[in-house]
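Here's the structure, in structure tokens; my notes come after.
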Amino acid sequence: MFSSKPFLIAGPCSAESHEQMLTIANAFKDNDYVNMIRAGVWKPRSKPGHFEGKGQEALEWLQEVKKVSGKKVCTEVATPEQIELALRYDIDAFWIGARSTVNPFTVQEIADALKGTDKAILIKNPINPDVELWAGAIERIQRSGTKDIACIHRGFSSYDQSSKFRNKPNWAIPIEIKRRYPNIPIYCDVSHICGKRNLLADVAQRALDLDLDGLMIETHPNPDAALSDAKQQITPDRLLELVENLTLRKGESNDTANAQIEHLRQVMDSVDAEIVDLLAKRKNIGVELGDIKIKNNMPIYQPERWREIVESRTEWALKEFDAELIRKIFELVHEDSIQRQMEQMTPKEKS
Ligand code: PEP
Ligand code: MN
């Protein structure tokens, strides 16, 4: 079921009305980009008192969407009862939401309820950046006998109020999942990462640049009036425009490109070797400094010096790099130096 690449899943955050779902079905029926239509039927809301989905009647609308559009349809399931109902309405694929993936008991219940069915399952990452938890959910679903599995990176929740994202992406994690499960396609839920429309195009492009296999983008006929996730949804027309502006990295390899890549990789290897040598040199200077500090009974950590390191290094690097990147790199290097000097001062006891 998930064989096309890039695989595009579009549709509203929530199925809200028969009319809304029919509008979506008609908008996508002649749209070759869209492979599957999504709509939440049971909505996991952070707080009570918000729209929690239309339940069973929305399953009927989804079934109709499938007929009208000729596309596959999917919805979120979190309990065996929801799976049983969704099976009755012949929904093609179920996604496991981030709040379910995080809980092995829930994933196991879902896996048990899937035994003997042949549904396609999409597994979103857990809300926290834990590769093992995501991998555990994949393995539980695999053990249920489910063959058609795809994963979805929807970003990770964090307390960082300054982040421009609703759920920060951490691309290393989906890439690690892809490395471990090469036969499982991995998609990017651009909408839940961004939380707002103006970021969608860049994140979608980034996902394709990293060779993710598809995208999930929330689409609503009248986004501002949506009953959930209004700020991040776009109209079907806007979706079309977004998709048409994406650059697909088809990965066609040719001899010239391969030779250029090989050459640049060799150059990069030697630059990295130089960086390691320089780091070793810097480390040894740190050891000498440590000796002097110890002999003269001086403190190892001197905040003034750290401030000066950050200021000067970010200034030197300003033309090429973001100050934050340089600060992070030197924080690691400086921390290592302080750690070594502390060990010089109080050598570890030999066991
Ligand atoms: C959704 O897709 O509408 C949803 C609730 O997703 P998530 O589990 O990623 O929050
Ligand atoms: Mn949503």
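The values are calculated or read from the model by the stated rules, or taken from the named source; none is laboratory data. Note that the structure is a prediction, hence the values are computed from the model and not measured. Reconstructed Cβ throughout: ideal geometry from the backbone, glycine too, with neighbour counts over all protein chains shown. Please note that ligands, DNA and RNA were not included when accessible areas were found on the heavy atoms of the full protein model with its side chains. Shrake-Rupley method; radii C 1.70, N 1.55, O 1.52, S 1.80 Å.
Odds and ends about this structure:
- For PHE321: the one exception among (1) within 32 Å of the chain's Cα centre (by Cα); (2) outside any loop (DSSP other than H, G, I, E, B); (3) surrounded by 11 or more Cβ atoms within 10 Å (Cβ to Cβ): (2)
- Residue in segment 43-59 that is modelled with the lowest pLDDT, counting only those that are under 22 Å from ALA120 (Cα atoms) and within 22 Å of the chain's Cα centre (by Cα): PRO44
- Of the numbered criteria (1) under 17 Å from ALA120 (Cα atoms); (2) more than 16 Å from ligand 1 (Cβ to nearest atom), the one LEU62 fails is (2).
- Candidates GLN161, GLN233, GLN142 - the one that is farther than 19 Å from VAL77 by Cα, modelled with pLDDT of 95 or more and among the polar types (S, T, N, Q): GLN233
- Scanning segment 37-76 for residues that are open to solvent by less than 60 Å² (accessible area, probe 1.4 Å) and part of a loop (DSSP other than H, G, I, E, B) turns up ALA39, VAL41, TRP42, LYS43, PRO44, PHE51, GLY53, GLY55, LYS71.
- So VAL102, is it modelled with pLDDT of 95 or more and closer than 16 Å to GLU84 by Cα: no
- Only a single item in (1) farther than 17 Å from GLN341 by Cβ; (2) in contact with a helix residue (DSSP H, G or I) (Cβ under 8 Å, 6 or more places away or on another chain) is not met by LYS283, and it is number (1).
- Residue in segment 99-116 that is within 14 Å of ligand 1 (Cβ to nearest atom), closer than 21 Å to PRO182 by Cβ and not in a helix (DSSP H, G or I) present: no
- Whenever a residue of segment 226-249 is open to solvent by 90 Å² or more (accessible area, probe 1.4 Å), its partners that are among the charged types (D, E, K, R) and within 16 Å of ligand 1 (Cβ to nearest atom), lying with C-beta atoms within less than 9 angstrom and at least six residues away or across chains, give the pairs LYS231/ARG166; LYS231/LYS196; LYS231/ARG197; ARG238/ARG197.
- Of all residues in segment 50-74, those that are over 16 Å from LEU87 (Cα atoms) have Cβ atoms under 7 Å from Cβ atoms of residues that are open to solvent by 80 Å² or more (accessible area, probe 1.4 Å), 6 or more apart or on another chain, in PHE51/LEU227; VAL68/LYS29; SER69/LYS29; GLY70/LYS29.
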